Protein chains: 4
Amino acid sequence: MATVLSVSGSPSPTSRTARLLRHLDTRLVDQGHQVVPLDVRTLSAQALLGADFGHPDIVRAAELFARADGVVIGTPVYKAAYSGLLKSLLDVLPQYALAGKTVLPLATGGSTAHVLAIDYALRPVLSSMGADHIVQGWFVLDRHITVGADDSVVLEPGTADSLGRIVDTFSEALAGRHRPLLAAAG
Amino acid sequence: MATVLSVSGSPSPTSRTARLLRHLDTRLVDQGHQVVPLDVRTLSAQALLGADFGHPDIVRAAELFARADGVVIGTPVYKAAYSGLLKSLLDVLPQYALAGKTVLPLATGGSTAHVLAIDYALRPVLSSMGADHIVQGWFVLDRHITVGADDSVVLEPGTADSLGRIVDTFSEALAGRHRPLLAAAG
Amino acid sequence: MATVLSVSGSPSPTSRTARLLRHLDTRLVDQGHQVVPLDVRTLSAQALLGADFGHPDIVRAAELFARADGVVIGTPVYKAAYSGLLKSLLDVLPQYALAGKTVLPLATGGSTAHVLAIDYALRPVLSSMGADHIVQGWFVLDRHITVGADDSVVLEPGTADSLGRIVDTFSEALAGRHRPLLAAAG
Amino acid sequence: MATVLSVSGSPSPTSRTARLLRHLDTRLVDQGHQVVPLDVRTLSAQALLGADFGHPDIVRAAELFARADGVVIGTPVYKAAYSGLLKSLLDVLPQYALAGKTVLPLATGGSTAHVLAIDYALRPVLSSMGADHIVQGWFVLDRHITVGADDSVVLEPGTADSLGRIVDTFSEALAGRHRPLLAAAG
């Protein structure tokens, strides 16, 4: 079992990105992981943009990253890249806040024309933060995410299959990360 | 004469990025341009991160972009890319807020290892916003910017020369942009 | 009138990229420019990959770049980036072979998922070569290019319109580049 | 024990990149891996640039990738990115030639200003080829690599330490990759 921090970088209170992450969280929980959701928009905007490292919200967010074995990073694609909201959180974390961690990058957007934003924009930032293993990410078209009246999420079948495989690969990578510790314990 | 919006994306109130931009503004003014400084950190953090498009700060910022012929974009490099603060402003502007405009990208940082962040991270975002002409940018090492007691800025001589040429090229590109209008008026 | 070098970086002898460029060349000629086509695949492969700077093919290619006012760079997208063939030519050119030049980047590919390869992969390379003005590029889907029995090219109407505007913008940028010289001559 | 393909993408017959890789190969061999060196410049240039997938050199290179558990990819940085020679090899490999593999990206260059080329240029290409795990790469300054009269390589001490750690991390990632198979066998 691993501890997974699941971070949504969407500024919208009715975000497809956030709902998608919460939907995937259940799959990770089913696989035995402990999942901690983090919605960046609930943190103090003033603290994030003012680089107020001592603010309780920032201190707590940094602790959540420090404790996590794995991190899911979800962002909408705006202007061909990750959201400013997500980046403002990453900016106030320690330089190597992802050291030793397994990371799953996910993005949502209105057009497949933005698919490469994960690998060309987001992944280099995550790599600069010392991430140990950034697994293959996935780009989800907004229209493949249907949100029900009860906030439940239904994914277009092909997308659901792909995301299932992506999450399982992330889960296996997390398990691989823990094996040396178990072996050492044995 | 052109109208230039000079945007600093540093979260720090004693930012080298902001002071560098104000220093370069004087050169642009000397060349006959009207320069409007915009320090993103003075805008409402809540409005920026909450994507509150109707907030007076956001409306005013969008108008400043709309009126500008040229835009100087300055950012510190954090985590191998532009600041989240800068991106949070770009995110709330119209998709093509840079259409028809001449743009000068500048970055500051502690190590030359981050030089390519301008071309690989910032420029694609500016291009996605429809920028007409993004001139060659420049990366300035923090230690080459000395801030005096009176907030005056002294640049290391080689950096001063390079930045002078960069600003002049931007100024010429702005002038070229206006020539067709003048010709048509004649 | 400007001199435009129109470079195809496709390895295929029946390349859609090359035919697209030849098709656009005629529009540039109609606008009064002199267009010089360069098909990288016709240069010596041994000289390109062996970095044989003194080989006649490389010397001639470097001269064509030196003489050009504008350069059209066309490449298929392979593995999320420009072709190795195109890059092998750029590698043997002087570091600032694009200094003072206006550049139009174009890419072709089978999926819109590769659109961002122009701005994230190709543009930074062109920028590192000192390009003065890299205008907005365009990504063309392979299936929007139909090649007739006589090698004539028919573009899907929407693509034809977009490419027409892109080429016209490039042409205007080339003209702007020349105006100062004319003004000085006057 | 894993099979590691160690690929040099330098066009130079006296390449620092190639010698650096051969130097690191010995460390991988000492750790029990079988290392297969591949110098892209020894493959047929005509086949690489002509996309001649059936050429024996290309068929053999594709087989070496298929058999490898891990791949070291070394390239000089030219024009702010990987070499055209390296990309011309990647272009003729299957789209997912790196699926299931652990990859170590390394670059050499004359200036630290090119450090980010690994994460912004090379890594997205490797990711598009389905790489399972691209470990943290390393950029080595040319002047930190001294080649002796007998072709032996001496690294600047700080670089030697960093590269040692990088190679060890790659080696551990390779081992982690194999553990599931061993566990299954048990």
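State the number of residues belonging to segment C:83-96 that are among the hydrophobic types (A, V, I, L, M, F, W, C) and without any contact (Cβ under 8 Å) to a residue 40 or more places away in the chain. Selection size over segment C:83-96: 2. Within segment A:63-88, being in contact with a Phe, Trp or Tyr (Cβ under 9 Å, 6 or more places away or on another chain) and more than 27 Å from D:PHE170 (Cα to Cα) holds for A:THR75, A:PRO76, A:VAL77, A:ALA80, A:ALA81, A:GLY84, A:LYS87. For segment D:154-165, a residue qualifies if it is surrounded by fewer than 19 Cβ atoms within 10 Å (Cβ to Cβ) and of a type outside the set (D, E, K, R), and the qualifying residues are D:VAL154, D:LEU155, D:PRO157, D:GLY158, D:THR159, D:ALA160, D:SER162, D:GLY164.
When you check B:LEU43 against the structure, is it closer than 19 Å to A:ARG41 by Cα and at pLDDT 95 or above, yes or no? In short, yes. The criterion of being in contact with a Pro (Cβ under 9 Å, 6 or more places away or on another chain), touching a residue at least 24 places away in the same chain (Cβ under 8 Å) and over 18 Å from A:GLY137 (Cβ atoms) does not hold for A:ALA80.
On the stretch given as segment A:116-149, residues that are touching a helix residue (DSSP H, G or I) at 6+ places or on another chain (Cβ under 7 Å), more than 7 Å from every other protein chain (Cβ to nearest Cβ) and β-branched (Val, Ile, Thr) total 5.
Each row is one residue, and each column tells you yes or no for (1) in contact (Cβ under 8 Å) with a residue 12 or more places away in the chain; (2) surrounded by fewer than 23 Cβ atoms within 10 Å (Cβ to Cβ); (3) within 14 Å of chain D (Cβ to nearest Cβ).
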site: C:VAL4; (1), (2), (3): yes, no, no
site: C:GLY9; (1), (2), (3): yes, no, yes
site: C:LEU21; (1), (2), (3): yes, no, no
site: C:ASP25; (1), (2), (3): yes, yes, no
site: C:ASP30; (1), (2), (3): no, yes, no
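Considering segment B:67-82, and only residues there that are under 14 Å from the mean Cα position of the chain (by Cα) and under 22 Å from D:ALA80 (Cβ atoms), the residue that is farthest from the other protein chains (Cβ to nearest Cβ) turns out to be B:GLY74.
Considering segment C:106-115, and only residues there that are touching a helix residue (DSSP H, G or I) at 6+ places or on another chain (Cβ under 6 Å) and within 9 Å of another protein chain (Cβ to nearest Cβ), the residue that is surrounded by the most Cβ atoms within 10 Å (Cβ to Cβ) turns out to be C:VAL115. The residues listed here are B:ASP119, B:ASP150; of these, the one that is in contact with a Pro (Cβ under 8 Å, 6 or more places away or on another chain), of a type in the set (D, E, K, R) and at negative phi is B:ASP119.
Inspection of segment B:154-163 finds a residue satisfying the criterion of being more than 30 Å from A:ILE118 (Cα to Cα) and within 15 Å of the chain's Cα centre (by Cα). When the residues of segment D:85-105 are filtered to those that are part of a helix (DSSP H, G or I) and not basic (Lys, Arg), the one that is nearest to the other protein chains (Cβ to nearest Cβ) is D:SER88. Let me spell it out: the conditions are (1) farther than 19 Å from B:TYR120 by Cβ; (2) within 10 Å of chain C (Cβ to nearest Cβ); (3) surrounded by fewer than 24 Cβ atoms within 10 Å (Cβ to Cβ), and D:ALA175 meets all of them except one. Which number is the exception? Single failed check for D:ALA175: (2).
Set side by side, the residues D:GLY70, D:GLY9 differ, and just one is closer than 24 Å to D:SER152 by Cα and among the small types (Gly, Ala, Ser), which is D:GLY9. Would segment D:120-129 turn up any residue that is farther than 30 Å from B:PHE139 by Cβ and at pLDDT 95 or above? Looking for residues that are farther than 30 Å from B:PHE139 by Cβ and at pLDDT 95 or above, one finds at least one in segment D:120-129, hence yes.
If you go through segment D:39-50 and keep only what is part of a loop (DSSP other than H, G, I, E, B) and under 21 Å from the mean Cα position of the chain (by Cα), you end up with D:LEU43, D:SER44. Among the residues making up segment D:43-64, those that are in contact (Cβ under 8 Å) with a residue 40 or more places away in the chain, out of contact with any strand residue (DSSP E or B) (no Cβ under 6 Å at 6 or more places or on another chain) and under 16 Å from D:SER8 (Cα atoms) are D:LEU43, D:LEU48.
The values are calculated or read from the model by the stated rules, or taken from the named source; none is laboratory data. All values derive from a computational prediction rather than experimental measurement. We place every Cβ from the backbone using ideal geometry, glycine too, and count neighbours over all the protein chains shown.
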